[in-house]
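Bear in mind these aren't lab numbers, they're just calculated from the coordinates by the rules spelled out. Nothing here was measured: the structure is a model prediction, and the numbers come from that model. Reconstructed Cβ throughout: ideal geometry from the backbone, glycine too, with neighbour counts over all protein chains shown.
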Amino acid sequence: MKELVEFIVKSLVDQPDEVHVVEVQSGSMTIVELSVARPDMGRVIGKGGRIINSIRRLLQVAAAKQGKRVTLELVEDD
């Protein structure tokens with residue numbers, strides 16, 4: 001799952017070196033935490049959250065094929 005998110009997001013942003021993806025196990029759920037450079041935040045979120053929601057849907061479909069549950073969280077670095 002981590003590799004899928006990394007591939008998609010790195011192709012969208014201007015600073016692909018700043019993309020960090022971490023998988024965290026929480027019971028039966030896998031949480032994928034995504035961090036990008038602040039200027040790229042808008043590119044990943046998209047208008048009305050369309051892009052991030054599309055990435056979440058793709059991730060959920062890929063996880064369902066493997067019989068897993070997964071969610072994607074966009075982490076904002078301060």
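Within region 12-26, one or more residues are in a helix (DSSP H, G or I) and under 12 Å from the mean Cα position of the chain (by Cα). Scanning region 51-67 for residues that are in contact with a strand residue (DSSP E or B) (Cβ under 7 Å, 6 or more places away or on another chain) and touching a residue at least 40 places away in the same chain (Cβ under 8 Å) yields ILE55, LEU59, ALA63. Scanning region 27-50 for residues being exposed (fewer than 11 other Cβ atoms within 10 Å of the Cβ) and either touching a residue at least 24 places away in the same chain (Cβ under 8 Å) or assigned to a loop (DSSP other than H, G, I, E, B) (or both) gives a total of 2.
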